[in-house]
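Everything on this sheet refers to the single structure shown next.
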């Protein structure tokens, strides 16, 4: 069973980048992104990448981010 941990702080996001952790993103209790990695984040936005040319921009205040470890 996978371990799920919510990402809150700058440290959490930086750790996810450094370790290339797969994440899940929820918006309004709906899963909108799964299995991608965080490539960059700011105070307003988290940018994820799921394939070579597929980037997604998520508003940090409106979404919930979860690390998924198997």
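The values are calculated or read from the model by the stated rules, or taken from the named source; none is laboratory data. Here the structure is a predicted model, which is why all the values come from computation and not from measurement. Every residue, glycine among them, receives a Cβ derived from its backbone with ideal geometry; neighbour counts consider all protein chains shown.
Being outside any strand (DSSP E or B) and within 10 Å of the chain's Cα centre (by Cα) is the filter here; which residues of region 21-50 pass it?
Scanning region 21-50 gives a single hit, 21.
Tell me the residue from 17, 47, 38 that is in contact with a helix residue (DSSP H, G or I) (Cβ under 7 Å, 6 or more places away or on another chain) and modelled with pLDDT of 95 or more, please.
Details: 17 fails: in contact with a helix residue (DSSP H, G or I) (Cβ under 7 Å, 6 or more places away or on another chain); 47 fails: in contact with a helix residue (DSSP H, G or I) (Cβ under 7 Å, 6 or more places away or on another chain).
That would be 38, the only listed residue that is in contact with a helix residue (DSSP H, G or I) (Cβ under 7 Å, 6 or more places away or on another chain) and modelled with pLDDT of 95 or more.
Give the residue, chosen from 29, 18, that is exposed (fewer than 13 other Cβ atoms within 10 Å of the Cβ), on the phi > 0 side of the Ramachandran plot, free of Cβ contacts under 8 Å to residues at least 60 places away in the same chain and out of contact with any strand residue (DSSP E or B) (no Cβ under 6 Å at 6 or more places or on another chain).
Only one candidate qualifies: 29.
Return the residue satisfying two criteria in turn: it lies in region 58-70 and is assigned to a strand (DSSP E or B) and within 10 Å of the chain's Cα centre (by Cα), and of such residues it is nearest to residue 15 (Cα to Cα). Reasoning before the result, please.
Step one: filter region 58-70 for residues assigned to a strand (DSSP E or B), giving 58-59, 63-69.
Checking which are within 10 Å of the chain's Cα centre (by Cα) leaves us with 58, 63-68.
On the way: 58: 18, 63: 18, 64: 16, 65: 13, 66: 12, 67: 10, 68: 13 Å.
Among those residues, the one meeting the criterion is 67.
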